[in-house]
Amino acid sequence: MDTNQYLEIFLEESEEHIESLNENLLQLEKNPEDSHIIDEIFRSAHTLKGMAATMGFENMTRLTHKMEDVLQEIRSNSIKVTSNLMDVLFKCIDALSSMTGIISESGNDSYDIENLIELLGTNNTKEEVAATNIENSKSLDNNNINVYEKDIIEKAASQGYKTYSIEVVIDKNCVMKSARAFIVFNTLDNLGDIVDSTPSVEDIEDEKFDDRFTVHLISKHEKDDIKSKLISISEIKNINIEELLYSKEIKDNKRLEPANNLSSDDRIKHSKTNKSVRVDIERLDNLMNLVSELIIIKTRLEGLESNEKNPDTISTIEYLERITTNLHDAVMKVRMVPVERVFNRFPRMVRDLSRELNKKITLNMYGQDTEVDRTVIDEIGDPLVHLMRNSIDHGIETPDVRVKKGKPETGVINLKAYHEGNNVIIEVSDDGSGINFEKVKNKAYEKGMLSADEVEELSNEKLVKLLFEPGFSTSDTISDISGRGVGLDVVKNKIESLNGSIEVKTEVDKGTKFIIKLPLTLAIIQALLVMVGNEKYAFPLNSISEIVNKNKNEIHLVQGKEVVMYRGKVIPLIRLHNVLDLKLDEESDNFICVIIKKGDNLAACSVDELIGQQEIVIKPLGKYLSNVKIIAGATILGDGQVALIIDSNNLF
Amino acid sequence: MSMFVVTRLGSEEYGIEIDKVQSIEKITKITRVPKAPSFVKGVINLRGEIIPVISLRMLLKLSEVEFDDDTRIVIIKNNDIIIGIIVDNANEVVEIHDDNIDSIDVNSNLYKKESFIGKIGKIGNRILMIFDIDKLTTQQEVKL
């Protein structure tokens, strides 16, 4: 079979399953008794195995198969979930993820899995549960009944059927256990309906069980009746039948609920989110481009409108405007993805790093469903990883230090996302040691960034800014996690290149908070169009703080540089004519200043004329002109003309 | 056999591999881009896409001429870089047998090292200088 055409789908789905495995394993670590989670993990592993086998990826099939075996043992309560076992499972997932990477690059899954297979196979990672436990595991068995089956049982009970949990013990000397089991199943089928079995029917058929299995049967027959029919089968050693009562089910169910982090509602919601149509990103971009074109044409039509007095034309154009606005919103929504896509890598990261560093850390995430444009999502992953690593490594102290400081042993990292106007805010905060300003001062001096006197005079705010300078890291030791001095300046640059900003709030021994502000989308922005000379330029509206009129007399010189006063502050004056290589014919006495902001810094830009505010579609200048820093891109105006967008971050 | 779009600058003829040529456009309004190298005339709006255009005359250090009805912008696409080059005219496509295409001798002082010419094609007694498209579309990065 030619499987190439399915490769892409395979890779996408594998990634999804690996992601869900990761997520569920983390859940399982918190609730090791929750059979729903185990079921979910099992299902993902099973699907992966099936897909890999179909595609002919043997290593992947073998590994998932082995994982399935181990999961099966967890499911049947013959081994316990220990953190060592979790480590191995996580390693397997990493291996699977590497494999998909290798597959997408080379088309084969050559990856050394022997080590993992061995780890999965060895017993020292597992903790065997004493055999007697099986006898007592009645209530746990009940938990193995999933929602769907529970529903059937409830319905059956209301119609006078009884539900039995039947444990069949087969003689140890039996040669063909699966054949015996088959007979048991056949017999039971005649007596009623089998709801499920532990281990699964497939595993029983493959003889993947010890000497006993449990089935749930719905039947009108009496207990003893069933028992006598079963015991007559040869080589059956023992039969334990217990009636499951409807009310007991409910009780068990309730007892289970609070232990779950996910309520069943959430779980249903979760499974629904997977029901989606896969659309190639290119098609989506194409659609977006078409809508952009439509907006341009619409703006052009509006320009023509003033010449036409026909009320029909006017109302038609108004209608068109409404539709294009809605269409634009709809397309934007399609491109929106929840920040969850970036966030969901963090629980795993925190777990691994905290184990590595011997710290105790709880990660709380809020607002994972906050939606951001795809263009933004793709870019914020790395900066966030940096900040998280910073918090884990520099922020949170080791447990003994924390105790000494009178803080709880376990540190807390909060990751929050929410909308604010046309922006999305992402906060990374920890309750760690905060930024040590003395350390920052010493470091700045050591690195020769500032002299000793200069350092002493610096305010805390200025010191925080130092952290974002290239090559600055306060960690005493260089660790794997962070502290290679390539941290915060990279983060800052990245965020500013996205038209966003980053802020830090810190308090000694209380913690540090990084606040990132990002635009919702990078494709369409509100902009102020201005004239400079006879050329049109656009300023992104979110970089403008105010527009003021200034007189020539208000320009002062500070160290040869022109400055103006703005709200009691001295800010630099940027003559756009000069920056844009335009000739200024004659200087008028009054001029318009656009006050632009970059973080906390302000600057005044002189322009000749204001045209107005407009929604513009940002188009890149292309790779060929990527060296032109002061231009962020271009946009096409209603009349088909091109206006360049000024990148105010690179103006000063 | 290879096909080339023949473009002219004065009396000189330059060839561009036809599969790199996306389209040939008449001259339209060019928006100047500040801080770009001088041979970059600016950007144009080509059916909704922003394309940088460069003056081939300036790039090759030839004297500039006024644009007229024959002036064309040849849109070239090489991998993910799209640029337009302004030429005096472009109205011919020729087919040249591979035997008649010579690679240039880089050591000869006839061709400067930074020249954009990759090969020379011969059609009868005409000589066609064939652009090295990779060089032509990445000049920026090399220079800066």
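The values are calculated or read from the model by the stated rules, or taken from the named source; none is laboratory data. All values derive from a computational prediction rather than experimental measurement. We place every Cβ from the backbone using ideal geometry, glycine too, and count neighbours over all the protein chains shown.
What to note about this one:
- A:Ser110 being over 27 Å from A:Phe346 (Cα atoms) and either at pLDDT 80 or above or buried (at least 20 other Cβ atoms within 10 Å of the Cβ) (or both): no
- On inspection, B:Asn89 does not qualify as crowded, with 20+ Cβ neighbours inside 10 Å and polar (S, T, N, Q).
- Within the range A:633-644, being at positive phi and either part of a strand (DSSP E or B) or more than 7 Å from chain B (Cβ to nearest Cβ) (or both) holds for one residue alone: A:Gly633.
- Qualifying residue in the range A:570-586 (condition: among the basic types (Lys, Arg), surrounded by fewer than 17 Cβ atoms within 10 Å (Cβ to Cβ), more than 42 Å from the chain's Cα centre (by Cα) and within 14 Å of another protein chain (Cβ to nearest Cβ)): yes
- B:Thr7, sole failed condition from (1) assigned to a strand (DSSP E or B); (2) under 30 Å from B:Gly124 (Cβ atoms); (3) touching a Ser or Thr at 6+ places or on another chain (Cβ under 8 Å): (3)
- The set of residues in the range A:419-440 that are of a type outside the set (Asp, Glu) and not in a strand (DSSP E or B) comprises A:Gly421, A:Asn422, A:Gly432, A:Ser433, A:Gly434, A:Ile435, A:Asn436, A:Phe437, A:Lys439, A:Val440.
- Of the residues A:Ile630, A:Ile611, the single one that is within 7 Å of chain B (Cβ to nearest Cβ), surrounded by fewer than 21 Cβ atoms within 10 Å (Cβ to Cβ) and closer than 19 Å to A:Ser545 by Cα is A:Ile630.
- Every pair of residues 6+ apart whose Cβ atoms lie under 6 Å, when the first sits in the range B:118-140 and is without any contact (Cβ under 8 Å) to a residue 24 or more places away in the chain while the second is of a type in the set (D, E, K, R): B:Gly118/B:Asp132; B:Ile120/B:Asp102
- Test for A:Ala604: is it within 11 Å of chain B (Cβ to nearest Cβ), in a strand (DSSP E or B) and in contact (Cβ under 8 Å) with a residue 12 or more places away in the chain: no
- Some residue of the range B:12-35 being within 14 Å of another protein chain (Cβ to nearest Cβ), out of contact with any Leu (no Cβ under 9 Å at 6 or more places or on another chain) and buried (at least 20 other Cβ atoms within 10 Å of the Cβ): yes
- From the list A:Lys416, A:Lys407, the lone residue that is in a loop (DSSP other than H, G, I, E, B), of a type in the set (Lys, Arg) and either surrounded by fewer than 21 Cβ atoms within 10 Å (Cβ to Cβ) or without any contact (Cβ under 8 Å) to a residue 40 or more places away in the chain (or both) is A:Lys407.
- Residues satisfying the stated conditions in the range A:509-530, i.e. over 30 Å from A:Ser433 (Cβ atoms), at pLDDT below 90 and not in a loop (DSSP other than H, G, I, E, B): A:Pro519, A:Ile524, A:Ile525, A:Gln526, A:Ala527
- Taken over the range A:155-178, the criterion of being farther than 17 Å from A:Glu243 by Cβ and loosely packed, with under 13 Cβ neighbours inside 10 Å is satisfied by A:Lys172, A:Asn173, A:Val175, A:Met176.
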